[in-house]
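Have a look at the structure below, then the notes.
The values are calculated or read from the model by the stated rules, or taken from the named source; none is laboratory data. It should be emphasised that the depicted structure is a prediction, and the values quoted were computed from it without experimental measurement. All Cβ positions, even for glycine, are placed from backbone atoms using ideal geometry, and neighbour counts span all protein chains on display.
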Amino acid sequence: MEKAVKVPFKSVAELADMWIEWAEMELRNENFDDAVRIMAKAVQAPKRSTVDYFDETLSPQQRVHKSWKLWSFYVDLVESVSTLEETKKVYERIFELRIATPQTVVNYANLLEEHKYYEESFKIYERGLDLFSYPVAFELWNLYLTKAVDRKIGIERLRDLFEQAVEDCPPKFAKTIYLMYGNLEEERGLARHAMRIYERATRAVADEDRADMFNFYITKSASNFGLTSTRPIYERAIAALPDAEAKDMCLKFADMEKRLGEIDRARAIYGHASQFCDPRTNPDFWTKWEQFEVQHGNEDTFKEMLRIKRSVQAQYNTDVNFIASQALARSQRRPGAAEDAEVVDAMAALERQSRAPQGFVAASTGPTGGNPVPAVVTSNPDAIEIDGLDD
């Protein structure tokens, strides 16, 4: 086998497989120390190796010491048959060669944690975070923060860790970390600190998570400081969210004001939400407002609601984008070539009508094609026929 590993292989992977096969043969014979010795020889390299694993100009023997497959087998072997100190040396060598993977970081940290070296375990996570950026860093932060919170280390140190975690966190990953941060403040800090964190989260998370974050923030604020504390949160949410989500937030806001007996405030919120709700596509909203006025309003407020409804519908009627979207929606609900043609014709006619000058009357609706039918001329019974007019 010693001669076999000196053969000029085509690739590093083939050479690594040969070393591993040699070590496994010793393991089958229960020669554990020999297996470790073989693997140590396989990964032998200068203290500071500048070899590029992917440099095809070098032989596989010159590059094999940077084979992750080889090191992965080696570290598992040493962890199984040797001491903790020997295993730590192997992990440290992997970090020195800069071939550590995210799984290496997690495995090393877990090994130290199992032997109750908690602080050293945390340092391994920090070294991993220096090596990897997002999205890998998110998984490492998630594990690190969870274990740090479970260890109940000092609150100030935990706050520093969370601030580091959210500092460069992309919006896509921010929600989970902010929720963990806020929960820490609720359990071990101050409720007001938690509310500030949730408020920051509404600005930091991705667009698709923003509505959920606002709803969570509102729930927490109501449970800690009462319903009235949620008013400024609702107002910020309505201003920040897109129309469809702002409408839903308005309905929740109005329901909250109604529970507090603030009928005029609830009515004003319905009025604000009406701008997002065309009566033809959002009939549920107008039904709710109508029911609200029946229960809490009078004839004047009901008429005002109807006036606003007509005004909103007129506004949407003149919105070209809305008309186009409605035409598309109808074509999708009722598929068919004939109906699609009707929609296109209707849109074309509408466009022609909008572009035609005032007082213009079209001479015809277009070519008729085929043999035209002659117009029927009605005869005048009182007409006098004069023969020989040409003579």
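Could you tell me whether segment 161-175 includes any residue that is touching a Ser or Thr at 6+ places or on another chain (Cβ under 9 Å) and modelled with pLDDT under 95? Steps first, answer last, please.
So the first thing to find is which residues in segment 161-175 are touching a Ser or Thr at 6+ places or on another chain (Cβ under 9 Å), and the list is 168.
Subsequent filtering for residues that are modelled with pLDDT under 95 retains 168.
Yes, segment 161-175 contains at least one residue that is touching a Ser or Thr at 6+ places or on another chain (Cβ under 9 Å) and modelled with pLDDT under 95.
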If we keep only residues of segment 63-119 that are without any contact (Cβ under 8 Å) to a residue 40 or more places away in the chain and in contact with an Asp or Glu (Cβ under 6 Å, 6 or more places away or on another chain), then the residue farthest from residue 147 (Cα to Cα) is 87
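For segment 91-103, indicate whether the set of residues that are of a type in the set (Asp, Glu), surrounded by fewer than 14 Cβ atoms within 10 Å (Cβ to Cβ) and in a helix (DSSP H, G or I) is non-empty. Even if it seems obvious, please write down each step before you answer.
Quick first cut of segment 91-103, residues of a type in the set (Asp, Glu) only: 92, 96.
Still in the list and also surrounded by fewer than 14 Cβ atoms within 10 Å (Cβ to Cβ): 92, 96.
Cutting the leftovers down to in a helix (DSSP H, G or I) gives us 92, 96.
Yes, because at least one residue in segment 91-103 is of a type in the set (Asp, Glu), surrounded by fewer than 14 Cβ atoms within 10 Å (Cβ to Cβ) and in a helix (DSSP H, G or I).
Yes or no, residue by residue, for (1) within 29 Å of residue 294 (Cα to Cα); (2) among the basic types (Lys, Arg); (3) exposed (fewer than 15 other Cβ atoms within 10 Å of the Cβ):
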{"position": "187", "(1), (2), (3)": "no, no, yes"}
{"position": "210", "(1), (2), (3)": "no, yes, no"}
{"position": "235", "(1), (2), (3)": "yes, no, yes"}
{"position": "239", "(1), (2), (3)": "yes, no, yes"}
{"position": "249", "(1), (2), (3)": "yes, no, no"}
{"position": "257", "(1), (2), (3)": "yes, no, no"}
{"position": "261", "(1), (2), (3)": "yes, no, yes"}
Of the residues in segment 4-46, those that are in contact with a Phe, Trp or Tyr (Cβ under 9 Å, 6 or more places away or on another chain) and modelled with pLDDT of 75 or more number 11
Taking segment 169-199 and keeping only residues that are basic (Lys, Arg) and within 14 Å of residue 220 (Cα to Cα), one is left with 192, 196
Scanning segment 213-271 residue by residue, those among the aromatic types (Phe, Trp, Tyr) and closer than 19 Å to residue 287 by Cα turn out to be 253, 270
When residue 285 is run through (1) touching a Lys or Arg at 6+ places or on another chain (Cβ under 8 Å); (2) not hydroxyl-bearing (Ser, Thr, Tyr); (3) not in a helix (DSSP H, G or I), the failure sits at (3)
Listed by range, helices (runs of 4 or more DSSP H) wholly within segment 198-259 having at least 3 residues that are over 25 Å from the mean Cα position of the chain (by Cα) are 207-225, 243-259
- Go through the residues of segment 82-90 one by one and say whether even a single one is closer than 16 Å to residue 39 by Cβ, assigned by TED's automatic domain parsing to the domain that holds residue 32, at pLDDT below 85 and surrounded by fewer than 21 Cβ atoms within 10 Å (Cβ to Cβ). yes
>> Condition (residue is crowded, with 19+ Cβ neighbours inside 10 Å, among the polar types (S, T, N, Q) and outside the structural domain of residue 85 (by TED's automatic domain parsing)) applied to segment 108-124: is it met by at least one residue?
In response: yes
Filtering segment 23-46 for residues that are over 20 Å from residue 86 (Cβ atoms) and either crowded, with 16+ Cβ neighbours inside 10 Å or of a type in the set (D, E, K, R) (or both) leaves a count of 1
